[in-house]
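*Asks:* Got a structure for you, written out below as structure tokens; questions coming shortly.
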Amino acid sequence: MTTDEIIDFVGALEGVLAVRPGPGDGSPEISWGDTFFYHSPDGAVPTAAQPFATIVTKDCPGDASSRLDRPDTFRVNVAAGREEFIRRTGRAPRDPATDDDPGATDTVMAHPVYGSLGWLAVVNPGRRTDAALRELLRHAHHLARARHERRTGAVTEDRGRQG
């Protein structure tokens, strides 16, 4: 999977805003080249919500264990929630990680920094994780849409569908 394939997939979900910071848009340089996905039916970056998924293309301070400084390496991060985190990892988010290699590619794993908050990550998703990552992204979108509806009282037309 390429970053563009992931951006196209997530961007096609109902009410998704994909933000791609770059030079001249007022965003911090550390975010340039990354992508942030929000549930935002009005198309504006939410002021009271975090992204439900991100694509990061470089190591950040305090988050270099995935070794994103390798050529053509990126990581997809997904706010999977507690239940999905447990289903995918076999442990609760706040339980200590055992022997995960945060730089392993094409593997669904706890996010190296935000795993305790129910985030999962995949470095360079490929054939092994394609279906799982798509399912996780749809699930995270569903959770974000439900939070938006609770917060705003809005109900989208396809509320019964997941993603």
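The values are calculated or read from the model by the stated rules, or taken from the named source; none is laboratory data. This one's a predicted model, so the numbers in the text were calculated from it and none came from an experiment. Here Cβ is always computed from backbone atoms with ideal geometry, including for glycine, and neighbour counts include all displayed protein chains. For the accessible areas, the whole protein counts, side chains as well, though only heavy atoms, and no ligand, DNA or RNA atoms are used. Shrake-Rupley method; radii C 1.70, N 1.55, O 1.52, S 1.80 Å.
*Asks:* Take every DSSP beta bridge whose two residues both sit in the chain, then give the antiparallel share in percent to the nearest 5.
*Replies:* Once the DSSP bridges in the chain are tallied, antiparallel ones form about 95 percent.
*Asks:* Net charge around Ser31, counting only other residues with Cβ within less than 15 Å of its Cβ (Lys, Arg = +1; Asp, Glu = -1)?
*Replies:* -2
*Asks:* May I pose another question? Can you give the net charge of the other residues whose Cβ lies under 10 Å from the Cβ of Met1, counting K and R as +1 and D and E as -1?
*Replies:* -2
*Asks:* With springs connecting C-alpha atoms under 10 Å apart, model the chain as a Gaussian network and identify which of Arg70, Arg147, Arg127 has the largest mean-square fluctuation.
*Replies:* Of the options given, Arg127 has the highest mean-square fluctuation.
*Asks:* For a quick check of understanding: with a 1.4 angstrom probe and all protein chains in place, what accessible area in square angstrom does His139 have, to the nearest ten?
*Replies:* 40 Å²
*Asks:* While we're here: Hand me the GluC sites (Glu not before Pro) from the stretch 73-159 located in a DSSP loop with no more than 15 other Cβ atoms within 10 Å, in residue order please.
*Replies:* Those satisfying the criteria are Glu157.
*Asks:* Put Arg88, Arg67, Arg94 in order of accessible area, largest first, 1.4 Å probe: what do you get?
*Replies:* Reading off the accessible areas and sorting them downward yields Arg94, Arg67, Arg88.
*Asks:* Okay, next question. Among Thr152, Pro112, Ala140, flag the residue with its Cα farthest along the positive direction of the charge dipole of the stretch 74-163, charges on Cβ as +1 for Lys/Arg and -1 for Asp/Glu.
*Replies:* Highest projection toward the positive end goes to Thr152.
*Asks:* Calculate the dipole size of the chain relative to its Cα centre from +1 charges on Lys and Arg beta carbons and -1 charges on Asp and Glu beta carbons; express the result in debye to the nearest 20.
*Replies:* Here the size comes out at about 560 debye.
*Asks:* If one computes the Cα centroid of the stretch 85-155 and of the stretch 4-67, what distance in Å separates the two points?
*Replies:* 15 Å
*Asks:* Let me ask you something else. Under a Cβ-Cβ cut-off of 13 Å, what is the net charge of the residues other than Gly22 that fall near it, where Lys and Arg count +1 and Asp and Glu count -1?
*Replies:* Here the count lands on -2.
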